[in-house]
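Report on the structure given below.
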Amino acid sequence: MMTPFTASPGDEGEALPSVKPRSARTWLAFVRNRTGLIGIVIFVGFVVLGLLAPVIAPGNPATITMHIMSPPTAHYWLGTTAEGQSVWSQVIWGTRPTLVIGFIAGALTTALSIIIGVGGAYNGGALDDVATMFSNIFIVIPGIPLMIVLATYLHHAGTVAMILVISATGWPFGARVLRSQTLALRKRDFVQAARLTGESTWGIVQRELFPNMISLIVANFLSTIMYAIGAEVSLQFLGLGNINTVSWGSMLYWAGNYQALAFGAWWWIIPPGICIALVGGALALVNRSIDEIANPQLTSAPKRGRLHRGGTGS
């Protein structure tokens with residue numbers, strides 16, 4: 001029995017070239033993309049840092065020592081806080097809650113965007129009208145003030161409340177984007193054919209829509225992680241989170257509360273700030289690489305421009 005990718009006995013040894021699955025081609029393109037690799041390496045580095053926190057910085061990061069506001073030394077690599085706590089230990093341990101909140105809130109926000117955006121657009125009718133109305137309402141309301149108000153009422157509810165607040169305020173933009181893509185795909189021939197064959201709604205969404213929207217969904221997920229991390233840091237910095245939890249946001253809160261800059265304690269502020277910037281930059285690089293893979297014109301256009309200029313000048 002012959003398959004499309006094997007040669008028949010009478011083909012004189014000539015075989016058709018093998019075709020890699022789409023997932024393999026996409027992964028290969030991602031690996032070859034330097035922008036994405038740099039972002040992945042940086043982000044995975046912080047994930048490993050958080051997982052190995054007990055090994056890298058053993059002990060309790062809230063432990064108070066006799067060295068108050070001490071600059072970086074051989075014993076305290078990043079100095080100490082106004083209460084004598086090790087900044088190095090707090091930076092390492094602070095990776096955990098910041099990334100956990102970013103991941104969970106990003107996943108919940110993306111799930112809400114998919115349910116509201118894709119579900120409403122595919123079913124249409126009154127369901128789509130209601131979903132669009134809610135999206136428009138949340139987009140019109142400024143996100144930061146709404147998030148602050150919700151966090152104020154749920155101030156003592158802890159990490160779970162912060163995740164819910166971030167998720168409740170971050171889904172509308174992703175839902176609008178996914179809704180537009182779903183409206184364009186639902187009219188395509190392969191979706192109509194699947195519907196005529198009696199395929200269920202969930203089957204069409206799972207087998208026909210999602211494979212053609214995966215890059216958009218992943219990009220939206222990465223964007224919501226960045227949004228969630230920024231929101232968590234902002235709420236902690238304003239004192240609206242659990243300030244007794246060691247995180248990058250709570251470090252900035254206590255540094256501001258003790259006027260670290262006024263006393264020249266730059267080592268208390270700069271390390272968590274750099275970590276936040278690196279994580280956000282890494283996710284932005286990965287997001288950019290996904291755009292380049294999904295839309296090759298982003299990388300091919302500059303090359304064509306250089307060739308064109310070279311041809312006219314010769």
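Between the range 116-195 and the range 49-77, the alpha-carbon centres lie 41 Å apart.
Orientation-averaged projection of the range 196-289 equals 8.5 nm² [convex hull of Cα atoms, one quarter of hull surface area].
Given 25 °C and 0.890 mPa s, how large is the Stokes-Einstein diffusion coefficient of the range 20-146 in µm²/s, with Rh as the Kirkwood radius over Cα pairs? Approximately 128 µm²/s, per Stokes-Einstein. For GLY239, nonlocal amide neighbours, meaning residues 5 or more places apart or on other chains whose placed amide H falls under 5 Å from its own, do not occur. Remark: the LEU52-ALA277 segment gains 78.9 nm on full extension, using 0.36 nm per residue and subtracting the alpha carbon distance.
Distance between the modelled labels on ILE214 and ALA126, one decimal in nanometres: 3.7 nm (7 Å Cα→Cβ projection).
Convex hull of alpha carbon positions in the range 106-209: directionally averaged projected area 7.2 nm².
Of the trypsin sites (Lys or Arg not before Pro) found in the range 179-272, those that fall in a DSSP loop while having at most 10 other beta-carbon atoms within 10 Å are LYS187.
Where a number appears in this text, it was derived from the coordinates with a stated rule and is not lab data. Note that the coordinates shown come from a computational prediction; the quantities given were computed from them, not determined experimentally. Ideal geometry is used to build each Cβ from the backbone, glycine not excepted, and the neighbour counts take in all protein chains shown.
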